[in-house]
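See below for the structure under consideration.
The values are calculated or read from the model by the stated rules, or taken from the named source; none is laboratory data. Owing to the predicted nature of the structure, the values given are computational and were not obtained by experimental measurement. Heads up, the Cβs are rebuilt from the backbone with ideal geometry, glycines too, and the neighbour counts pull from every protein chain shown. We work out accessible area using only protein heavy atoms, side chains counted, and drop any ligands, DNA or RNA first. Shrake-Rupley method; radii C 1.70, N 1.55, O 1.52, S 1.80 Å.
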Amino acid sequence: MKSRKVNAAITFKGWVVNLDFVIANVRIAASPETVDIGIANGRIATIGRANASDAPREDGLGCFACAGLVESHIHLDKAGILGRCSICEGTLAEAVRETARAKAGFTVEDVYIRAAKVLESALLQGTTALRTFVEIDPRAGFRSFEAILQLKKDYAWAIDIDICAFAQEGLTQEPETEAMLARALIEGADLVGGCPYTDPDPQEHIKRIFDLAERHGTSVDFHLDFDLDPLKSDLPIVIAQTKRRNYGGRVSVGHVTKLSALPPRDVELVASQLADAGVALTVLPATDLFLNGRDRDHLVPRGIAPALALAGQGITTSIATNNVLNPFTPYGDASLIRMANLFANLAQVSRDEDMEAVFSMVSDSAARLIGRSYGLKAGMSADIVLFDAPDAATAVREIRQPLAGWKRGCKTFERPRGRLLPPGR
């Protein structure tokens, strides 16, 4: 599957196109037959048959090709700290407390090394774009932010990274945090995030996060309603602020596990409000499943927001990793296809169309949530990942692995198929 960097002309839709190389014999969602994808100058130049081209060819082996997976919600800064923390209760409060204690000792180098390990795992799992939250407050300082900024630059050859300056431990009770978030937005953060359930004044917290976003012209992303009590929801406040500020399409919320405690009729009502306001939603299956229901000793609830039902109401939804190897989620490998499979299992879905919708939540729908273009079309960036599957539904059902990936037309990883070695061979 090696290719030389030469140009070869081909006529495509009446135009003469000089191809750098061709990824041949792949399956895409838009075609029942295998196709060839011609690449030129880091972009997709042709999709169809490129048999007439002399450009170098890589055999796609009949694999399913997509524009890669999109991680819409992860915390690279606090990944891999499981050995520094204690998990006795397995609760959200304990996770916040233990992480706050640990992050006071973070260094720039420490954060960079841990984050890079998870990021490289994500790359090998087929991720081509990512939004990471970075905690900024008097305990973390700007050390994590500095490390993730450098990581963003160092891995730009393989992945697009958005940095969300994030207030994990509240805002109104700690004025320094607000000033630090504002500084981060000036110095390279792409958006701002809040966590009203850790603040003594959730409503004011939400308002101030929106104020920061408006002042700096960024999107906002909230951790929200992370429990199973259907009462005392902060979601109506976020919806109201979104509509008042005409911020539809630039607001997303994560967790929102309260929705799993509502009957379908109430979920439909909330869904219509979310859709009307233009608020997107991310489910975080591994974390939500691990931390919720700790007050139960039997019939423990799943605690996962009904994302498929919400997507059916026109809401942009995504499935994401959230945390890896820390008190919020003491396992993980940054595999979005594994997370999609976990969600499908928890949602008890089985039809191909449902599996395709689940795949969408780690690909094109997730890209839409973080404001990124996505797709395999002529003229688009040649971000391509080949999955060892004939289609998206199979990839989700069987947790099929990616075999290779390209970013802007440059190959970024290979994961050859495993081989059995019978005796005598």
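Take the solvent-accessible surface of the protein heavy atoms, probe 1.4 Å, and return the percent of it on the chain that carbon and sulfur atoms account for.
51
List the relative contact order of region 177-324 as a percent without decimals, with contacts defined as Cα pairs under 8 Å and 6+ residues apart.
Working: 239 pairs, mean separation 29.2, N = 148.
The normalised contact order for region 177-324 reaches 20 percent.
Which one of 143, 84, 397 has the biggest mean-square fluctuation once the chain is modelled by GNM with Cα springs under 10 Å?
It is 84.
Among 323, 381, 255, which residue has its Cα furthest toward the positive end of the charge dipole of the chain, with +1 on Lys/Arg Cβ and -1 on Asp/Glu Cβ?
381
What does the charge count near residue 227 come to, summing +1 for each Lys or Arg and -1 for each Asp or Glu among other residues with Cβ under 12 Å from its Cβ?
Numbers: positive: 232, 258, 294; negative: 225, 229, 234, 288, 295.
With Lys, Arg at +1 and Asp, Glu at -1, the net is -2.
Please state the equivalent ellipsoid semi-axes for region 231-381: what are the square roots of 5 times the Cα gyration tensor eigenvalues, largest first, in whole Å?
Sorted largest first and rounded, they come to 23, 21, 15 Å.
Taking the Cα centre of the chain as origin and charging only Cβ (+1 Lys, Arg; -1 Asp, Glu), how large is the dipole, in debye to the nearest 20?
Values: 48 positive and 53 negative charges, 280 e Å.
Around 1340 debye, computed over the chain.
Only Cα pairs within less than 10 Å get springs; with that Gaussian network setup on the chain, which residue of 390, 236, 306 has the largest fluctuation?
The residue that fluctuates most here is 236.
Taking only DSSP H segments of four or more residues, each worth -39500 (n - 2.57), what value at 222 nm results for the chain once the sum is divided by all its residues, to the nearest 500 deg cm²/dmol?
Theoretical 222 nm ellipticity from helices: -10000 deg cm²/dmol.
Can you work out ³J(HN,Hα) from phi for every residue in region 350-365, in order, using Karplus 6.51 cos²θ - 1.76 cosθ + 1.60 and θ = phi - 60°, giving whole Hz and x for Gly and Pro?
9, 6, 4, 5, 5, 4, 5, 5, 5, 4, 4, 6, 10, 9, 5, 5
Any idea which of 167, 272, 63 is furthest toward the positive side of the dipole for the chain, if Lys and Arg beta-carbons carry +1 and Asp and Glu beta-carbons -1?
63
How much accessible area per residue does region 237-333 have, counting only protein heavy atoms and a probe of 1.4 Å, in square angstrom? Show your work: numbers first, answer last.
Numbers: 3900 Å² over 97 residues.
Heavy-atom accessible area per residue stands at 40 Å².
Among the DSSP beta bridges whose two residues both lie in region 239-382, what percent are antiparallel, rounded to the nearest 5?
10
For the chain, modelled as a Gaussian network with Cα springs under 10 Å, which listed residue fluctuates most, 297, 352, 364?
The residue with the greatest mean-square fluctuation here is 297.
At a 1.4 Å probe radius, which order do 412, 107 fall into by accessible area, largest first?
Descending accessible area places them as 107, 412.
Only Cα pairs under 8 Å and at least 6 apart count here; give the relative contact order of region 69-370 as a rounded whole percent.
Values: 609 pairs, mean separation 63.2, N = 302.
Once divided by the residue count of region 69-370, the mean separation gives 21 percent.
Provide the packing ranking of 123-130, 67-74, 197-204, i.e. peptides ordered by the mean count of other C-beta atoms within 10 Å per residue, highest first. Each step should come with its number before you reach the end.
On the way: 123-130: 24.8, 67-74: 28.4, 197-204: 17.0.
With the highest mean Cβ count within 10 Å placed first, the list reads 67-74, 123-130, 197-204.
Please report the Cα spread of the chain along all three principal axes, rounded to whole Å, starting with the longest.
66, 55, 44
With 5 Å bins from zero, work out the P(r) of region 199-250 over every alpha carbon pair and list the percent per bin.
All Cα pairs considered, the percentages come to 4, 18, 33, 24, 13, 6, 2.
Counting DSSP beta bridges with both partners in region 69-370, what percentage is antiparallel, nearest 5?
If we restrict to bridges inside region 69-370, about 5 percent are antiparallel.
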